[in-house]
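The next block holds one structure in the form of structure tokens; read it before the comments.
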Amino acid sequence: MGSATERDMTHEVLAQLLAERTGQDLSPSRRWRVETALSALLRESDATTIDELVAKLTSPFGCPLSSRVADALLNNETYFFRDQQVFDVLAKSALPKLIAQRQDKRRLSIWCVGCSTGQEPLSLSMLLAERAAMLDDWQINIVATDVSHRAIDVARRGVYTPFEAQRGLGIERMIRWFEEVDGRWKVSPRLLKPIRYQQHNALHAPPMGSPFDLVLCRNVLLYFDKPTRQQVFSQIAASLADDGMLLLGAGETPVGQTARFAPVKDLTGFYCLGTPDMPEARPRTAEVPARG
Amino acid sequence: MKNCLIVDDSRVIRKVSRHLLEGMGFAVTEAADGKDALAQCTAQMPDVILLDWNMPVMSGMEFLGHLREQEGGDKPRVVFCTTENDIEHIRAAIDAGADEYVMKPFDRETLHVKLQLVGMV
Ligand SMILES: C[S@@+](CC[C@H](N)C(=O)[O-])C[C@H]1O[C@@H](n2cnc3c(N)ncnc32)[C@H](O)[C@@H]1O
């Protein structure tokens with residue numbers, strides 16, 4: 001990399017690009033990772049330094065490249081049944097509760113926000129498929145979205161390396177729901193069937209399919225600043241059924257961030273729209289985006 | 001504290017696995033082949049065994065066959081940990097009495113979940 005000012009400029013361009021496309025901050029603490037994150041892209045785009053890569057962004061062909069640069073800067077870390085305890089609560093309490101609530105309509109609509117390469121919606125799809133007898137004539141829709149084109153492409157393909165396929169999965173589930181094809185693990189079409197993958201920014205209006213009975217937004221909010229988080233909370237609140245639930249990641253909470261959600265009693269990590277018996281959490285009008 | 005026996009002919013793999021397992025609170029012992037592992041099991045049965053497939057002297061599969069015949073040999077949970085990553089090997093391991101299967105390369109998350117599934121963490 002060049003001089004200190006050049007480096008600052010480069011980082012500023014990258015930070016702006018990431019903020020525009022994803023709402024994320026390229027905080028100074030994440031800057032040291034930029035070079036590693038972009039190294040593969042440097043090779044692919046014939047640039048030798050990050051400054052050179054950034055210069056290419058301003059060329060007439062810069063648009064697809066900027067989307068790839070933003071993609072490369074995102075952290076897509078995920079694995080099957082991430083936080084096993086949460087999935088236990090989901091399987092034993094939350095899903096049965098939702099299924100009981102929807103006995104009449106026999107329909108479940110779920111939105112996975114920031115689904116990365118698909119492991120999270122697939123874990124959900126597995127839980128539901130393993131209850132097939134109960135949900136026989138039900139219509140199940142899982143809308144799974146991520147701002148990263150690359151992540152959505154991988155998710156749509158549904159083919160994983162052995163390293164990815166076994167992360168979080170017991171061998172029994174792996175051989176039940178995947179087929180080994182030449183050293184890669186291809187997910188069963190049955191699991192993919194209820195899932196609709198879509199590239200989508202969580203800061204924008206919710207995707208088609210609302211009202212959702214369950215929204216998962218796990219390990220996504222932690223990369224945003226408070227106003228951006230509030231914006232995402234508002235979009236989720238707008239997309240959720242009145243009696244629906246939101247599931248956040250470990251360590252993520254609406255407390256101190258928004259008054260639109262309140263914890264669901266006895267279901268750790270789950271939140272519902274504010275209810276009259278929790279006045280402090282009742283939805284307020286127009287608590288929206290501070291960020292443009 | 002639970003005991004884990006790592007059976008692998010690669011010193012590097014043993015070292016990495018030991019590091020991960022100790023981090024999860026296991027007391028760790030090591031063997032470089034199936035025969036050595038069998039001798040150690042005769043002296044004291046571990047709670048869980050992390051078992052490589054291809055090893056000199058005695059392979060993982062051969063070891064597993066002998067182990068399950070030994071008195072108390074049904075007790076340890078056996079997690080295969082190998083580069084044999086195809087479905088035929090996986091099925092053969094399960095048929096032979098393995099409880100879980102890890103494909104190399106793996107990381108802490110993978111190992112932790114597998115050990116959770118066999119009731120060891
Ligand atoms: C750390 S991953 C978490 C994946 C999964 N939810 C889990 O918990 O395993 C975060 C994901 O959020 C996505 N993401 C980041 N900003 C986003 C935005 N503004 N809209 C939608 N997805 C976003 C990233 O691309 C990444 O795939």
Return the average number of partner chain Cβ atoms within 10 angstrom of each residue Cβ along peptide A:182-193.
1
Ranked list, fewest to most other Cβ atoms within 10 Å of each Cβ, for B:103, B:45:
B:45, B:103
Please average, across the residues of B:106-118, the number of beta carbons from any other chain that are within 10 Å of each residue's own beta carbon, and give a whole number.
4
When A:261, A:178 are ordered from fewest to most other Cβ atoms inside 10 Å of their Cβ, what list results?
A:178, A:261
Quick one: if the Förster radius is 22 Å, what FRET efficiency do residue A:107 and residue A:157 give, using the C-beta to C-beta distance and rounding to 0.05?
0.20
Counting only DSSP beta bridges with both residues in the protein assembly as shown, what percent are antiparallel, rounded to the nearest 5?
20 percent
Which whole-number percentage describes the relative contact order of chain A, with Cα contacts under 8 Å and a sequence gap of 6 or more?
16 percent
Within a 10 angstrom radius of each residue's Cβ in A:168-175, how many Cβ atoms of other chains show up on average? Whole number is fine.
6
Neighbouring Cβ atoms within 10 Å as the yardstick, rank A:106, A:68 fewest first.
A:106, A:68
Around residue A:75, under 10 Å between beta carbons, what's the net of Lys plus Arg minus Asp minus Glu among the other residues?
+1
Relative contact order, percent, the stretch B:6-90 [alpha-carbon distance under 8 Å, six or more residues apart]:
29 percent
How far, in nm, would the chain grow between residue A:208 and residue A:8 when pulled straight, counting 0.36 nm per residue and subtracting the alpha carbon separation?
68.0 nm
Checked against a 32 Å limit on the C-alpha separation, the offending pairs among A:92/B:15; A:226/B:104; A:97/B:75; A:92/A:193 are A:92/B:15; A:226/B:104; A:97/B:75
When chain A is treated as a Gaussian network with springs between alpha carbons less than 10 Å apart, the largest mean-square fluctuation among A:227, A:189, A:207 is found at A:189
As a percent rounded to 5, the proportion of antiparallel DSSP bridges among beta bridges in the stretch B:3-117 is 0 percent
Run the numbers for residue B:95 and residue B:74: contour at 0.36 nm per residue of separation, minus the present Cα-Cα distance, in nm.
6.2 nm
Report, in debye and to the nearest 20, how large the dipole of the stretch A:3-97 comes out about its Cα centre when Lys and Arg carry +1 and Asp and Glu carry -1 on their Cβ.
420 debye
What FRET efficiency, computed as 1/(1 + (r/R0)^6) with R0 = 22 Å and r the Cβ-Cβ distance, is obtained for residue A:77 and residue A:132, rounded to the nearest 0.05?
0.15
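Every number in this text was worked out from the coordinates using simple rules, so none of it is lab data. Model, not experiment: these values are computed from the prediction. Cβ: placed from backbone, ideal geometry, glycine included. Neighbour counts: every protein chain shown.
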